[in-house]
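In what follows, a single structure is set out as structure tokens and then discussed.
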Amino acid sequence: MSRIDEIKAAFEAEISSCKRLEGLEEMKVRYLGRKGELTSVLRSLSELPEDERRKAGMEANKLKELMNSGIEEARTRLEMKSRGEKASEMDVTLPGFGPPRGGLHPITKTMGRISEIFVSLGFRIAEGPEVETEFYNFEALNIPLDHPSRDGFDTFYIKGKTLLRSHTSNVQIHIMQKQKPPFQVLMPGRVYRPDAVDATHSFMFHQVEGLMVDTDISFADLKGALTLFCRSMFGEDTRMRFRPSFFPFTEPSAEVDISCFICKGKGCRVCKMSGWLEIMGAGLVDPKVFEAVGYDPGKYTGFAFGMGVERIAMLLYGINDIRLFYENDVRFLRQFI
Ligand code: PHE
């Protein structure tokens, strides 16, 4: 037993001061090899009386295990040291955790792109109230109380004659009341409709409205501005189509279509095989609107247009459900960073 204790003490002193891998191999042979110190003890066990043999055998085997694990530990320590690492140090070669990066919402990005293009054409950006009176949302825009086009707009009344605006056209009136022509303004913002929510409808969405007023604006100016816009927004080869339509605040009025930029007009699922995508409403400002803001309709002319931002973003990014914009799911939003 005392021999075992001696070997143990010697081994422990030696292993803690061992500085080289070669020294470790040599120690292993010297203690545990065929002619090793512990091996000779194990071999001599048979000479002992029965009860001592058992006790000494257990101790010797425990020491053997201790030596094996001691050697392995020392090997790991020496190998790390030879690579210039310290046991307590982290592995600096592992990729780190960057701070999470934010980004603009796809709707904000799309509005930004639309705005940039019109700003480059000399338009100025203006905003107006989302909580609006019937006068700005309807009457001044030539939509009287009994007009059928008011049905799809009439909702979200707050109290009396105030409501959440159903389009950004209300800002046209605020602008015209505040300033005299000539001017070109772009009016982005949120609007509200009594629509049931589904893949293409939402009770809240975004529009960008445009208005240009001067003394000699014609439909050609409207076509020119929108053609420039559509080419830089959807590609230089984009073709346009103006379909006669009706809005109480423009006359004449048109729905503006662009050739489908996915199939180039051949017909696909997105354009419902028509080759065309409807992207906005537009027209020349109705003289009744000029009258409502105190402009002389004999002197001034202008054009106006309004487009839905979600629809354009869905087309550009290939998004098939409008609800994705409002769910605030980072797995969706992260794709636009
Ligand atoms: N305000 C109309 C709408 O919400 C769009 C529009 C704006 C049409 C300006 C013509 C001129 O549908």
**Complete:** Considering segment 149-199, residues that are aliphatic (A, V, I, L, M) and in a strand (DSSP E or B), and then whichever is farthest from the ligand (Cβ to nearest atom), we arrive at Ile158
**Fill in**
Contact list, first residue from segment 46-75 and closer than 13 Å to Asp5 by Cα and of a type in the set (Val, Ile, Thr), second anywhere and at pLDDT below 90 and outside any helix (DSSP H, G or I), beta-carbon distance below 7 Å, six or more apart or interchain, is none
**Asked** Restricting attention to segment 88-104, does a residue exist that is at pLDDT 90 or above, under 46 Å from the mean Cα position of the chain (by Cα) and hydrophobic (A, V, I, L, M, F, W, C)?
**Response** yes
**Prompt:** Quick one: which of Lys19, Lys35, Lys64, Lys28 is under 22 Å from Leu78 (Cα atoms) and loosely packed, with under 13 Cβ neighbours inside 10 Å?
**Reply:** Lys19
**Item:** Tabulated pairs, segment 111-128, first touching a residue at least 60 places away in the same chain (Cβ under 8 Å), second surrounded by 13 or more Cβ atoms within 10 Å (Cβ to Cβ) and small (Gly, Ala, Ser), C-beta under 7 angstrom, 6+ apart or interchain
**Value:** Ile117/Ser232; Phe118/Gly210; Leu121/Ala225; Phe123/Gly210; Ile125/Ser115; Glu127/Gly189; Gly128/Gly189
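The values are calculated or read from the model by the stated rules, or taken from the named source; none is laboratory data. The structure displayed is predicted, hence computed values, not measured ones. With ideal geometry, Cβ positions are generated from the backbone for all residues, glycine too; neighbour counts draw on all protein chains shown.
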